[in-house]
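One structure is given below, encoded as C-alpha cells.
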Amino acid sequence: MLNSITFMKKISLLPFIILIISIYTTNAQEVLTGLPVNKQVASEAQKQSVAPVRSVLQLPFIDDFSNYTGYPNPALWQDRYAFVNRTFAIQPPTMGVATLDALDENGKVYLSACADGFTADALTSQPIRLDYNFTQNRQMRIADSLYLSFYYQPAGGSLTGVEWERLGNRPEGRDSLILEFGYATGNIVFTGYNYCDYFLGEDEMYVIGDTLENPFLDGLFYVFENAAFPGDMISLPCDSLLGEEMVWQHIWSAPGELLDEWLAANDKQYFKQVLIPITDESWLINNFQFRFRNLASLEDNSVVGWASNVDQWNIDYVKLDVNRTYDDIYQNDLAFVTPTTSILREYQAMPWSQYRDSELDNHFENALVNLSNTVKNGYYTYNIRKQGGAQVTSYTPNNENVQPYWTHGLHDAQVHATPAFNFTSLPTDNADSATFVITHIFQEVGAGSQLRNNDTCVFLQKFNNYYAYDDGTAEAGYSLLSNMTHPEVYFAMRFTLNQPDTLRAVRMWFNSVLDDANFEPFTLMVWGDENGLPGEMLYDMSDQIPAHAANTEEFVTYYIDEGLPIEGTFYVGFYQNHSVQLNLGFDQNTDSRAHWVYKTANEWREPFLKGTPMVRPVVGAAIEHTGIIENEPTHFTLYPNPATDRLHLVVPENSQATTYRIYDSFGRVIMQNAFSGKESEISISHLATGVYFIQFVNNQQIIDTEKFIKQ
C-alpha cells in the first residue's frame, strides 16, 4: 500500500477484450457489466452547467477526496471528468477516491470510445504557484525539495480474490494511467468542435463512402462509415471551440495490472504510492499544473448492450509540497477507510411504520487506518441523533493504540473497529418517516492528524415508506441471460413485513446502456412465500419498459393498481421472455445474496454474484403518481399493422410526445426523430421484414410504447 515508485514508462495501446463475470448454469447465466451512464455524475452535470472559475493555488496542495462526492473539488481541480466516490475502490488509504474510467463529464461513454483504444478521463489541477516559496518569502528553488505524491489502484480486484466478487473492470496491460506536468502558454487556439444532432430527412439515404455537406458549418463534410436511412441521427460539428493553449510533458505512467499480483507480493498493498520529485527548474513557474489521464479500450464483441464502462483507475491522497524526500511515504494521519454501516440487521432502509426494535443490528463495522509509521493514540466515538429531534445515544470507549497499517493492517481494536451498540431501541412515533444522523469520529489524541476531513464519517439512517437492501449507488449492471430458444426468466427479491400492509409500488433502478439497447418489455411480478421461495403469484403487470427517472439520483416507480394487500414474507421482481439485458443497477458494496433468487427452468436458483440488485418495494398509504411510469399511459394507434411502406398514426389529443424511437427485436435503436404531435405517418420502406417497437417520449419520459410488424 505504501510502496514508493519513481520510474517512468511509455505504454502502447492495443486492442482490448473486457473481462466479464459470468456464472453459467444449465439454462442461464448471471452477468455483470460496467455502467454506460454514471447517474450521479450525470446529475451533477445538470446542476453545474457553468464551469468553475479558474484560480491559482499556493502550496501545499492536498486532496484525499474524503469529504465530498461527485465532481472533483473545483477549488483544486480544473475539469470534471473524474468521479469522486466512496464505493468503487477496495480498501483505499482513506475514505473516498477519484475514479478515472471510460465515462465523460456527463456520465456517458465517450463518443471517441472504441476497441482500438482512446483517450478517456483527465483529472487536472488548478494552476499552482511554484515560482515563489511563500514560507521562506523568496523565489522557489530546486533545493526546496518539491515532491508530488499520490496513491493509485487498478479496478477489478476483490477482498477475497473470488472472481464473482470483483469490483469494477480491470485495465489490461495495453491500457494505462498517465501523469503529466504542464502549463498554459497564454495563447488562444482552436481546441475542437461542439457537436449537434442531425436527423436524416425522408429522402436522405446513404451507403458506405457517401458524403454529406455539413449543414451547420461551411466547408466540412461527413463521410458515412455505415449505411444510413431516413430518421437516423448523426452528430456533426456545429460550432468551433477556442481555448488556452496548453503544453504537457509525460512524467510517469503505469500499465493496466491485476490487483491480485500486487497482493501476492504484499497482502496489504491494495494501493501503491508514487513519489515524483520536481528537479527541473523549468517547472518553477507561476502557473504549474499536473494532470492524470487514462487510456482505455472499449469492448466490442457484437453483443447488444455489452459495450460499457471499462478500465477504471482509482486515485487517492494527492499531495504536492516542499521539504519532502524520497522516503516521505508515511502520512501522519488516522482515518476512515470506508463508510460505516447501517444500524439495521438486514436492510439499508425500511418503512417507519414497519420498524421494530428487533430489526436493529448489535454493532457497527468500521474500517480504520493509521497511515504513519509509528504507533498512535487513537480516540473514537459515535453519536446518534434523530434529525430535527433529540440525541438518542452517544458512545465513547477507551482510547486505544493504533498500529501502523503497513506492518499490522487495519486497526482491529474491537471497541473502535466493531463497537457494540449501547442502545436496544429507537424512539418511535406516529409520523410517516424518520431519519437518524449517525456520526462517527476517529482521530489521534493530542497533536492530531494531517487531515481532519477523513476523521469523521456520517451515515443517514432513513425510515420512509420503502424497503432497501442496496445503498443507492450502482457500481455495475445486473442481467439474466438465457440460452434457451424460448427463454423464460424470473427474478424475485424477498422482503418480510412485521405487520400486514399494502404494496403501492415497486421502485427499480435501470442503468442506461449504449443505444438504449435494454429497451424490451418485462412483466412486473409479486409473489407470496412458499417454504422460503416465491410461491403463489399475487400480482403481475405486463409490458413494462426499463426507464430512467427525470432526477438521475432517483429510482423509477412502477405503481400497483389500487394497492395490493400483503402480509408476512413476499417477493417482488420481474419476468422476461427474451435475452436482452435489462441491466438492473447492481450495488456491489452490500451483499444480499441471501435475499434474492432467479429461475430459468423449473426451479429457483440462488445467486453467485456478490451484491444487491436495486429493487425497492413501497408500502403503506396511497401515494401520488408522480413517477415516470403510469399504469394507464396515453395510447397511440398504429395502422396498418402489419405495414409495408408507411406506418400511419392516430395521435391522442392530450399527447405531449416530442420524440419517437423505433427499436428492432434486439432492442437496438434503428430510427429516431423529433415528433410534433401532429405527424400522421412514418416511412418504414427501408426497414427489413420483422417485429419492431415504437416508443414516444417527452423529456426522457416514456409516453407510450407500441409494437408493429414490417412485412
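The values are calculated or read from the model by the stated rules, or taken from the named source; none is laboratory data. Bear in mind that the values here come from a model prediction, so they are computed numbers and not experimental data. With ideal geometry, Cβ positions are generated from the backbone for all residues, glycine too; neighbour counts draw on all protein chains shown. Calculation scope for accessible area: heavy atoms of the full protein, side chains included, ligands and nucleic acids excluded. Shrake-Rupley method; radii C 1.70, N 1.55, O 1.52, S 1.80 Å.
Quick notes on this structure:
- Semi-axis lengths, Å, the stretch 210-254, gyration tensor of Cα atoms, sqrt of 5 times eigenvalues: 33, 17, 9
- A simple count of charges around Met350, restricted to other residues whose Cβ falls under 12 Å of its Cβ and scoring Lys, Arg +1 and Asp, Glu -1, yields +1.
- Area projected by the alpha carbon convex hull of the stretch 393-520, averaged over all directions, nm²: 15.2
- Remark on Asn583: its backbone amide H falls under 5 Å from those of Leu480, a criterion applied only to residues 5 or more positions apart or on other chains, H modelled at 1.01 Å from N.
- Checked against a 24 Å cut-off, the cross-linked pairs Lys462/Lys599; Lys268/Lys376; Lys386/Lys610; Lys268/Lys610 give Cα-Cα distances beyond that limit for Lys462/Lys599; Lys386/Lys610.
- Normalised alpha carbon radius of gyration of the stretch 109-170 [divisor 2.2 N^0.38 Å]: 1.91
- Measuring between their Cα centroids, the stretch 241-285 and the stretch 326-350 lie 25 Å from each other.
- Reported value for the stretch 274-393: 297 Å³ per residue, from the convex hull of its C-alpha atoms.
- Per residue value of the accessible surface for the stretch 163-302 (all protein chains in place, 1.4 Å probe), Å²: 48
- Inter-part distance where the stretch 134-188 and the stretch 416-463 are each reduced to a Cα centre, Å: 32
- Heavy-atom surface analysis with a 1.4 Å probe gives the stretch 200-340 a carbon and sulfur content of 48 percent of its accessible area.
- Under Karplus coefficients 6.51, -1.76 and 1.60, residue-wise ³J(HN,Hα) of the stretch 536-546 in Hz, glycine/proline x: 5, 6, 9, 6, 9, 9, 7, 6, 8, 10, x
- Accessible surface of the stretch 528-616, 1.4 Å probe: 39 percent of it comes from carbon and sulfur atoms.
- Computed from backbone phi with θ = phi - 60° and the Karplus coefficients 6.51, -1.76 and 1.60, the 3J(HN,Hα) list for the stretch 191-203 is 10, x, 10, 7, 10, 10, 7, 10, 9, 5, x, 4, 9 Hz; x is used for glycine and proline.
- Cα-Cα separations in the stretch 369-442 greater than 21 Å, expressed as whole percent: 41
- Charge tally around Thr439: other residues with Cβ under 13 Å, Lys/Arg +1 each, Asp/Glu -1 each, net +1.
- When restricted to Cα atoms, the stretch 235-298 yields an Rg and a Dmax of 18.4, 52 Å, respectively.
- The string of couplings for the stretch 68-78 from the Karplus curve (6.51, -1.76, 1.60, θ = phi - 60°) is 7, 9, x, 6, x, 4, x, 6, 10, 10, 8 Hz, one whole number per residue in order, with x for Gly and Pro.
- Hits among aspartates and glutamates - C-alpha to C-alpha of Lys108 under 14 Å, sequence gap 8 or more where chains match: Glu44, Asp121, Asp515, Asp516
- Charged neighbours of Gln588, selected by a Cβ distance under 12 Å, balance to -3 (K, R count +1; D, E count -1).
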